[in-house]
Amino acid sequence: MQTLLRYFKGSLSLLLLGLAAAWWLGESFGLGGARAMFVVLILSVLEISLSFDNAVVNATVLKDMDAVWRRRFMTWGMLIAVFGMRVIFPVLIVAVVAGISPWGALQMAVQQPAVYAATLTSAHVVVAGFGGTFLLMVFLKFFLDKEKDIHWIRLLEAPLSKVGRMQAFEIALCLLAIYLMNSWLPQAERLPFVLSSLAGLITYIVVDGFSALLEGENDGVADTVALARTGLSSFLYLEVLDASFSFDGVIGAFALSNNIFIIAIGLGVGAMFVRSLTILFVEKGTLDQFRYLEHGAFYAIGALAVIMYLGTVQHISEVVTGLIGAGFIVLSLLASLRHNRRHPTQA
């Protein structure tokens, strides 16, 4: 137990600081200190439930990174995740949608939180297009891998792996999904959805291509340089992945509070716990012990991508999203345990 607590020491400390800050904010804004603390707790749990699969996917990338880049992921990455993705980026979205300066958007968030929340929510189609497309590409890239030889749901995954031999087939499937989703949208929302979806697709291709470029240039260079290049590309990939996961959580958080500072604290604490889980999975070799856990996480990512798309035409509760993701994780974990019992030498 003491060993496990070591991984969550920073997260627990941030939780206590966050609750103290929430109490002060609640009293300062007339929301009530106890209520603000309760909202922070709920938002933290919501973030963890929505991003648990993200922790597993993060672990697949981090396990190949050196200790220096892991620490940077926990420090710089945490700052980007909390302040960048959950405070600054939503403010920038509101500034663009409302046609005002970022400072004006921040003032709106503080002085007119209901208007700020409505403006941010109105951008849901754009957010869903970008984030859903990026996550869909992450999902397709994993299952359309021609070198993938471990299959959880073999009836589905084995054919997908074979289809993956076709060059750039995942891009074709993604474009088809964008086209089909676009045909269901109201006319006024089609162009914003397509443009944001293409931006998500291009972002994935650039990040993935940048990673391949740096890895290809590692031949014949010093080990430290190679590690730095690989670490940088993986770091960028993880940050964009986290952004895609965080979009819907930020928008959904306004159902509980329209105070951006309380939302940032709650989601930030949750994000910190997700990162602690990621490090735990890496150092404990969890992915090696449970061979299908990674599959469950990527199925959850695919489900989240579909939900983000469908959310442009029909509201889907964050509770449903969290339960679907948790369901894939639990089923893959149970399948892994069953495999370990049948094949103890492979566990």
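Does the range 24-36 hold any residues that are of a type outside the set (K, R), surrounded by fewer than 17 Cβ atoms within 10 Å (Cβ to Cβ) and either in contact with an Asp or Glu (Cβ under 9 Å, 6 or more places away or on another chain) or without any contact (Cβ under 8 Å) to a residue 60 or more places away in the chain (or both), and which are they?
W24, E27, S28, G30, G32, G33, A34
Scan the range 37-53 and report the pairs whose first residue is over 20 Å from F261 (Cβ atoms) and whose second residue is of a type in the set (S, T, Y) and at pLDDT below 85, with Cβ atoms within less than 7 Å and a gap of 6+ or a chain change.
L50/T321
Among all residue pairs at least 6 apart or on different chains, which show Cβ distances below 7 Å where the first residue, located in the range 153-176, is among the basic types (K, R) and the second is surrounded by 12 or more Cβ atoms within 10 Å (Cβ to Cβ)?
R165/K146
Looking at (1) exposed (fewer than 13 other Cβ atoms within 10 Å of the Cβ); (2) out of contact with any Ser or Thr (no Cβ under 9 Å at 6 or more places or on another chain); (3) under 30 Å from L232 (Cα atoms), which is the one condition that is false for A114?
(3)
Being of a type in the set (S, T, N, Q), out of contact with any Gly (no Cβ under 7 Å at 6 or more places or on another chain), at pLDDT 80 or above and more than 19 Å from T60 (Cβ to Cβ) is true for just one of N218, N259. Which residue is that?
The match here is N259.
Taking the condition without any contact (Cβ under 8 Å) to a residue 24 or more places away in the chain, surrounded by fewer than 20 Cβ atoms within 10 Å (Cβ to Cβ), in a loop (DSSP other than H, G, I, E, B) and more than 23 Å from the chain's Cα centre (by Cα), does G104 pass?
Numbers: without any contact (Cβ under 8 Å) to a residue 24 or more places away in the chain: yes; surrounded by fewer than 20 Cβ atoms within 10 Å (Cβ to Cβ): yes; in a loop (DSSP other than H, G, I, E, B): no; more than 23 Å from the chain's Cα centre (by Cα): yes.
Taking the combined requirement at face value, the residue does not satisfy it.
I need the full set of residues from the range 54-73 which are more than 20 Å from G302 (Cβ to Cβ) and either touching a Phe, Trp or Tyr at 6+ places or on another chain (Cβ under 9 Å) or free of Cβ contacts under 8 Å to residues at least 24 places away in the same chain (or both), in order please.
Hits for the range 54-73 are L62, K63, M65, A67, W69, R71, R72, F73.
Suppose we keep only residues that are among the small types (G, A, S) and closer than 30 Å to D149 by Cα within the range 241-268. Which one would you say is surrounded by the most Cβ atoms within 10 Å (Cβ to Cβ)?
In this case the residue turns out to be S244.
Here's the yes/no breakdown for (1) crowded, with 17+ Cβ neighbours inside 10 Å; (2) in contact with an Asp or Glu (Cβ under 7 Å, 6 or more places away or on another chain); (3) among the polar types (S, T, N, Q):
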residue	(1), (2), (3)
G270	yes, yes, no
E283	no, no, no
Y292	yes, no, no
Y309	yes, no, no
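Just to check your reading of the model, which residue among L293, L277, L334, L287 is over 26 Å from D149 (Cα atoms) and not hydroxyl-bearing (S, T, Y)? Quick ask: steps written out before the conclusion?
Values: L293 fails: over 26 Å from D149 (Cα atoms); L334 fails: over 26 Å from D149 (Cα atoms); L287 fails: over 26 Å from D149 (Cα atoms).
It is L277.
If we scan the range 314-324, do we find a residue that is over 13 Å from S49 (Cα atoms) and either touching a helix residue (DSSP H, G or I) at 6+ places or on another chain (Cβ under 6 Å) or in contact (Cβ under 8 Å) with a residue 12 or more places away in the chain (or both)?
So far as the range 314-324 goes, yes, one or more of its residues are over 13 Å from S49 (Cα atoms) and either touching a helix residue (DSSP H, G or I) at 6+ places or on another chain (Cβ under 6 Å) or in contact (Cβ under 8 Å) with a residue 12 or more places away in the chain (or both).
Within the range 306-332, can you find the residues that are touching a Gly at 6+ places or on another chain (Cβ under 7 Å) and either within 22 Å of R291 (Cα to Cα) or at pLDDT below 80 (or both)?
In the first step, residues of the range 306-332 are kept if they are touching a Gly at 6+ places or on another chain (Cβ under 7 Å); the result is 308-309, 318, 328-329, 331-332.
Result: E318, F328, I329, L331, S332.
Somewhere in the range 122-140, is a residue surrounded by fewer than 15 Cβ atoms within 10 Å (Cβ to Cβ) and of a type in the set (A, V, I, L, M)?
no
Residues of the range 311-347 being among the polar types (S, T, N, Q) and either at positive phi or surrounded by 15 or more Cβ atoms within 10 Å (Cβ to Cβ) (or both), which ones?
Correct list: T312, T321, S332, S336, N340.
Within the range 294-307, take every residue that is crowded, with 24+ Cβ neighbours inside 10 Å and of a type in the set (G, A, S) and give me the one that is farthest from H124 (Cα to Cα).
G296
The values are calculated or read from the model by the stated rules, or taken from the named source; none is laboratory data. Just so we're clear, the structure is a prediction, and the values are computed from it rather than from any experiment. All Cβ positions, even for glycine, are placed from backbone atoms using ideal geometry, and neighbour counts span all protein chains on display.
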